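Step one of this worksheet: look at the structure below.
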Amino acid sequence: MHKSGFVTIIGRPNVGKSTLLNYIMGEKLSIVSSKPQTTRNNIQTILTDKNSQLIFVDTPGIHKPKHMLGEYMVKVATDSFKDVDLIVFVTTPDVTMGRGDEFILEQLKEINIPVFLVLNKIDETTQERVAETLKNYSEKFNFKEIIPISAAKGKNVDKLLEIMIENMPEGPQYYPEDMLTDVQERFVISEIIREKALRLLTEEVPHGVAVEIMSMKLNDNNKYNIEATLFCEKNSHKGIIIGKNGSMLKKITKYSREDIGEFLKIKANLKIWVKVKKEWRDNPFLLNELGYKKIKK
Ligand SMILES: Nc1nc2c(ncn2[C@@H]2O[C@H](COP(=O)(O)OP(=O)(O)OP(=O)(O)O)[C@@H](O)[C@H]2O)c(=O)[nH]1
Ligand SMILES: [Mg+2]
């Protein structure tokens, strides 16, 4: 029997949703950083096996939005609850449930789709704490399965995958077996650059960053020439991103180029321009232009 279905991975920001997805895929398709609100779009990936196909949706962390970009992110995440076969709710061993998780579970009570509780980052804590957290959470919601894992270390993830497949309905292979994701190459490259900015910059600067790939061409030496623009919100941020004698931008470019080469399996030349788009995170027109589309109140 062939099983297939759609699985959305949801939770608060920074709990490790994208790390989990990348581990499952064995490929880095979704960016990861230690800062909350890293993922901004729903990213769909496809895991095909002989007898099953799972389509995963990595979503932005659900949080109380402070600007229009945040509203967009929460909307795409909650939209992913619809039309899926399974919801994987990821959280961390915090013992008691915070307002953020309570808010998410309130919304899940309204819909009739099985929910798995995945307790991530168990490598960071004790077994007692894990047990206590699981007890407290299971009193608040009727989870179909409860699985403690470490996405970073890959602990128990194979088990989780096995149970996910068991819970899928009988169904066809929706996508060709060699298709890993529905996002475009250009999107992954822009995300790699944004990830480096998120990792290397501090405070509010990286959260106001957006990246657009301006051109991407294969040159005569079988290398890609890529030009990208990194947008930020303020002139002062532009200075920080470029850094003293261009040192920060050089770092962002170097690390991005390495990861892009690995992703494309072809070396790349990369040129990044830095531009200011004032307050773009609260401007519907600019949000749309930067790829954060379909804002509906
Ligand atoms: N110790 C430990 N850290 C982890 C684990 N999984 C993820 N992390 C770290 O947690 C941080 C956040 O990981 P992400 O995968 O970006 O989290 P996310 O839930 O996708 O975050 P948003 O996209 O902001 O919603 C990163 O620094 C990861 O390296 C884990 O199992 N153990
Ligand atoms: Mg993420």
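The values are calculated or read from the model by the stated rules, or taken from the named source; none is laboratory data. If you're wondering where the values come from, they're calculated on a predicted model, not measured in any experiment. Cβ placement follows ideal geometry from the backbone for every residue including glycine, while neighbour counts extend to all protein chains displayed. Please note that ligands, DNA and RNA were not included when accessible areas were found on the heavy atoms of the full protein model with its side chains. Shrake-Rupley method; radii C 1.70, N 1.55, O 1.52, S 1.80 Å.
At-a-glance table
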| item | result |
| --- | --- |
| Mean projected area (nm²) of the alpha-carbon convex hull when the chain is viewed from all directions | 16.6 |
| Cα centroid of region 238-297 to Cα centroid of region 156-189, whole Å | 28 |
| Tensor-based shape of region 208-297 (alpha-carbon gyration tensor, a/c under 1.5 rounded, otherwise prolate or oblate) | oblate |
| Protein-only accessible surface order, largest first, of Arg257, Arg12 at 1.4 Å | Arg257, Arg12 |
| Antiparallel content of DSSP bridges confined to region 40-137, in %, to 5 | 55 |
| Whole-Hz couplings from phi, Karplus 6.51/-1.76/1.60, listed for region 222-228; x for Gly and Pro | 6, 10, 7, 9, 10, 10, 10 |
| Thr8, Thr202, reordered so the largest accessible area comes first (probe 1.4 Å) | Thr202, Thr8 |
| Helix axis angle, 157-166 relative to the chain longest principal axis, alpha carbon, degrees | 60 |
| Under 5 Å, built H, 5+ apart or other chain: amide partners of Val95 | Thr133 |
| Greater than 32 Å apart at Cα, pairs in Lys121/Lys217; Lys66/Lys238; Lys3/Lys267; Lys250/Lys278; Lys3/Lys121; Lys35/Lys254 | Lys121/Lys217; Lys3/Lys267 |
| Shape category assigned to region 3-166 from the gyration tensor of Cα positions, a/c cut at 1.5 | rounded |
| Selected from Pro206, Pro176, Pro65 as most flexible by GNM, with the chain as the system and alpha-carbon contacts under 10 Å | Pro176 |
| Alpha-carbon centroids, region 102-137 and region 1-61: separation in whole Å | 17 |
| Area accessible to solvent at Tyr174, 1.4 Å probe radius, in Å² | 110 |
| On Cα atoms only, tilt of 68-79 relative to the major axis of the chain in degrees | 30 |
| Helix-only CD estimate at 222 nm, as mean residue ellipticity for the chain, using -39500 (n - 2.57) per DSSP H run (n ≥ 4) | -11000 deg cm²/dmol |
| For region 122-133, 3J(HN,Hα) per residue [Karplus equation, 6.51 cos²θ - 1.76 cosθ + 1.60, θ = phi - 60°, Hz, x = Gly/Pro] | 5, 5, 8, 9, 9, 4, 4, 5, 4, 4, 5, 4 |
| Using alpha-carbon coordinates, inclination of helix 247-264 to the longest axis of the chain, degrees | 60 |
| Heavy-atom SASA rank of Leu119, Leu47, Leu264 (probe 1.4 Å, accessible area, largest first) | Leu47, Leu264, Leu119 |
| Highest to lowest packing among 139-152, 80-93, 211-224, scored as the average C-beta count within 10 Å | 80-93, 139-152, 211-224 |
| Surface per residue (accessible, 1.4 Å probe) for region 185-289, Å² | 54 |
| Amide H contacts under 5 Å for Ala268, placed H, 5+ residues apart | Tyr224, Gly261 |
| Label-zone membership for region 190-226, site Ser236, 7 angstrom Cα→C-beta point, backbone N under 11 Å | 204-205 |
